[in-house]
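The values are calculated or read from the model by the stated rules, or taken from the named source; none is laboratory data. Model, not experiment: these values are computed from the prediction. Here Cβ is always computed from backbone atoms with ideal geometry, including for glycine, and neighbour counts include all displayed protein chains. Only protein heavy atoms, including side chains, enter the accessible area calculation; ligands, DNA and RNA are left aside. Shrake-Rupley method; radii C 1.70, N 1.55, O 1.52, S 1.80 Å.
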Amino acid sequence: AAVVRQPEGAASFPGNLHLVLVLRPTSFFHRTVTDIGFRFSQEDFMLKMPVVMLSSVTDLLRYINENQLTSEFGGTLDYCHSDWIVLRTAIESFAVTVKDIAQMLQGFGTELAETELPDEGKAIERLLESQTDKYRKLKDAIRSVSKEGRHLLSSLETSEKEDDSQWDVKLLAQLRDMESAFDGFFEKHHLKLHQYLQLLRYEHSFQEMELCLEHLMAQERELSVSVDTLAQTEQALKRLDSLESNAQEVVARAQIIILHGHQLSASHHYAMALIMQRCNELRHYCDTLNAALKTKHSRLLHTHQLLLCLGQAQTWCDNGAYLLANQLVEKSQSKEGAQAALKDIEKLLEGMPSLLSSGPDILAIEYEAVLTPQLQVRSHYHVMRELIETERIYVEELLSVLLGYRAEMDNPALSGLLPPILRSKRDILFGNMPEIYNFHSRVFLQDLEGCLEAPEGVGACFLERKESFQMYECYCQNKPRSEALWRQFSDCAFFQECQKKLEHKLGLDSYLLKPVQRLTKYQLLLKELLKYSTDCEGTSELQGALTAMLDLLKSVNDSMHQIAITGYEGDICELGRVLMQGSFSVWISHKKGPTRMKELARFKPMQRHLFLYERALLLCKRREEHGDGCDKTPSYSFKHYLKMTAVGITENVKGDVKKFEIWYSGREEVYVVQAPTLEVKTAWLNELRRILTNQQKMLRGLTKAHLLASFVALNCCFSENMRYGQKL
């Protein structure tokens, strides 16, 4: 039977049949069977569609073109049904395999996202090895399936099956896209895991070194410089020499760890801020230890010298006493005897030690210099000196960068070494470093130098300039673009020539980190000053200065994240300062509407970066780095806006101590939020609770004010009515 279908747009079989052509068999037996069968079903055929009985293949050609018929029906169409079945089965099998691969990739991606990271280096290494092994096996499976698909496509092209080959091409394209996305995902995941391992190892090295330095500092504190004899002094110097030798070895190892930290930061480690803080802490430990050892060494040498002089003086005095005791009065009766005695005394006086010849006042000063307990080794004038000295060095380093690199961009002699595009982007490379330099060289350094003799004023000095330090936010916000530009041109001959002229051991990128390092150094020095300023004048101002600098560090960090938000249609500045920000796992449950989902049944949470303001909470999705060159920065794609006046919280969620709920508009929407740690959850809940409590207080205040205003208005109205009634 041949079936002639209606034109396009017809319904499914058999409702779209236009005509049925029945070719009767040529043999008597088959023809008889066909006729009998047709008689039984003739009424059904006739009722539903027209039927034409054909006696031969030639009759069939009157209705259907020969190029639409295969050879057994007298046509020219090259078609083998068994071959078609084989190819079709292969295509469908390939489609199923591609689907299986997609599910395997999705499963592996979920496993990577939900695997809890261990806290031990060996476990991380095993995890990296295991995940890399699975990745390679999946890659092998993808390659095998791709090879199968290409072989199938080749077979389809050979058999000229265009429709089927197009479908196979689409499947291969989907497979390539999946492989590319999978490669990108695993590469980023592998980098993050590798950086996590680096951070774990670095933190371990830091903690070990911190213990070593604290142990050395404890030994230094225990080493007494209160000595009475020359033997005690020499013994103390011997112990101090041994301690200094150990300290030199440990400080050298600490410098290697600091250098490693700089290298990690220069490679754009995701925990750069923490690593730089650790570097500053180690540097601070080393400076403190070296200063203490140097001071003690100086005092012991001074004591040793004084005791030597005192010993010589004692010997001289003893010799003099012996000489005088042995001078016989009888010998002095004669001129010769008196002259001989006088000559002995003059000889004794010529050998008088310089300490005794200087007079009692000088001797008292020398004695007081040794015995006065000015060696409270890490005192308040010590920290102030370090603060001022490092400030001077910082100003000098900024000036060297501005003159030795930035200004040299206008030097005609170096113009051939400088790419033109770099000259036009100097403000990106250096940010607002000129503004920072002007503030520190013209204002803040003088402020600090004025506090050298009055250290109680240093806290007020920081508080007075608190607003000026906000310029560091601008510098740090520009830092990612500056780093990207440096990466693009770091091998430029111009930079190498400038570094050579300046005789800098480190490249420009290390000096561009100086403002960030200085900002973290201030809070360390302020903590040190507070340690030696208990119950002293200016302590409250010092505490305020420390709080201000810590707030500035947090504000700088938060603002660097906020500027990367994209897709927010309003003016983000109207939301005010970022109070908190961080990454969380989030499940969303909607009470109504087409987006409703069973939140707890969701297999994989969404990763969202939350920004908390006084008036709103923004939920964003972190996007990986995009763009080219200096525009290549991470971003946060805006997803949800929650007005804080419509927000409520549930502090505990059953089954996980790190989860809490943020619900919106009377639980129309519920956001289950999982913090990375319990400490982070507690910090966020405290801040959310504070905002909501303030809102309630403000609302109660407004309600009272409204009621009072209503009462006053009612009272005025009542009084007016009373006066009107009296008139009547």
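Any chance you could look up the accessible area of residue 345 with a 1.4 Å probe, heavy atoms only, rounded to 10 Å²?
60
As an exercise, use a Förster radius of 45 Å and the Cβ-Cβ distance of residue 85 and residue 132 to find the FRET efficiency, rounded to the nearest 0.05.
Values: r = 42 Å, r/R0 = 0.93.
Step by step, r from the Cβ atoms, then E = 0.60.
By accessible area of protein heavy atoms, probe 1.4 Å, what ranking do 536, 451 get, highest first?
On the way: 536 70, 451 10 Å².
The most accessible residue leads, giving 536, 451.
Search the structure for amide H atoms under 5 Å from the amide H of residue 663, placed 1.01 Å from N in the peptide plane, and list their residues when 5 or more places away or on another chain.
Residues meeting the criterion, in which the H sits 1.01 Å from N, are 648, 649, 650, 671.
Give me a comma-separated list of calculated 3J(HN,Hα) values for segment 481-491, in order, Karplus coefficients 6.51, -1.76, 1.60 applied at θ = phi - 60°, integers in Hz, x for any Gly or Pro.
5, 4, 5, 5, 5, 5, 4, 5, 10, 4, 8
Compare the peptides 258-271, 640-653 by average per-residue count of other Cβ atoms within 10 angstrom and give them in order, highest first.
On the way: 258-271: 16.9, 640-653: 14.3.
Averaged packing, sorted descending, gives the order 258-271, 640-653.
For residue 75, enumerate residues with amide H under 5 Å from its amide H, sequence gap 5+ or separate chain, H modeled in the peptide plane.
70
Per the 1.4 Å probe, what fraction of the accessible area of segment 203-311, in percent, lies on carbon and sulfur atoms?
Values: 2980 of 5470 Å².
Carbon-and-sulfur percentage of accessible area, whole number: 54.
Can you pull a Stokes-Einstein diffusion coefficient for segment 166-325 at 37 °C (0.692 mPa s), Rh from Kirkwood over Cα pairs, as a whole number of µm²/s? Walk me through the numbers on the way to the answer.
Values: Rh = 20.7 Å.
Roughly 159 µm²/s, to the nearest whole number.
Heavy atoms of the protein only, probe of 1.4 Å, neighbouring chains included. What is the accessible area of residue 72 in Å², nearest 10?
Here the residue's solvent-accessible area equals roughly 120 Å².
Counting only protein heavy atoms, what percent of the accessible surface of segment 82-201 is carbon or sulfur at a 1.4 Å probe?
Working: 3840 of 7330 Å².
So the carbon and sulfur contribution to the accessible surface is 52 percent.
Over 27 Å between Cα atoms: which of 188/479; 294/531; 521/643 fall into that group? Let's see the in-between values first.
On the way: 188/479 22 Å; 294/531 21 Å; 521/643 38 Å.
Violating the 27 Å Cα-Cα cut-off are 521/643.
Check residue 616: other-chain or 5+ apart residues with amide H under 5 Å from its amide H, H built from backbone geometry?
Result for residue 616 returns 644.
Separation between the residue 221 and residue 497 pseudo-spin-labels, each 7 Å from Cα along Cα→Cβ, expressed in nm?
Distance between label points: 5.4 nm.
So how do 669, 614 rank on accessible area, 1.4 Å probe, biggest first, that is with the largest at the start?
Working: 669 50, 614 75 Å².
From most accessible down to least: 614, 669.
So what J values fall out for segment 450-462 if you push phi through Karplus, 6.51 cos²θ - 1.76 cosθ + 1.60 with θ = phi - 60°, rounded to Hz, Gly and Pro as x?
x, 8, 4, 8, 9, x, 5, x, 5, x, 5, 4, 5
Could you derive backbone 3J(HN,Hα) for segment 213-221 from the dihedral phi with the Karplus parameters 6.51, -1.76 and 1.60 (θ = phi - 60°), listing whole Hz in sequence and x where the residue is Gly or Pro?
Calculated HN-Hα couplings, in order: 5, 5, 5, 5, 5, 5, 5, 5, 5 Hz.
Aspartates and glutamates within cross-link reach of residue 170: Cα-Cα under 19 Å, excluding same-chain residues under 8 positions apart?
92, 100, 148, 157, 160, 162, 179
Would you work out what percent of the accessible area of segment 373-562, with all protein chains in place, is carbon or sulfur (probe 1.4 Å)?
Exposed carbon and sulfur together represent 52 percent of the surface.
Calculate, for segment 223-319, the solvent-accessible area per residue in square angstrom, rolling a 1.4 angstrom probe over the heavy atoms of the protein chains. Write down the numbers at each step before the final one.
Numbers: 4810 Å² over 97 residues.
Accessible area per residue, segment 223-319: 50 Å².
Averaged per residue, what accessible surface does segment 373-562 expose to a 1.4 Å probe, in Å²? Can you show the working numbers first?
On the way: 8650 Å² over 190 residues.
Value for segment 373-562: 46 Å² per residue.
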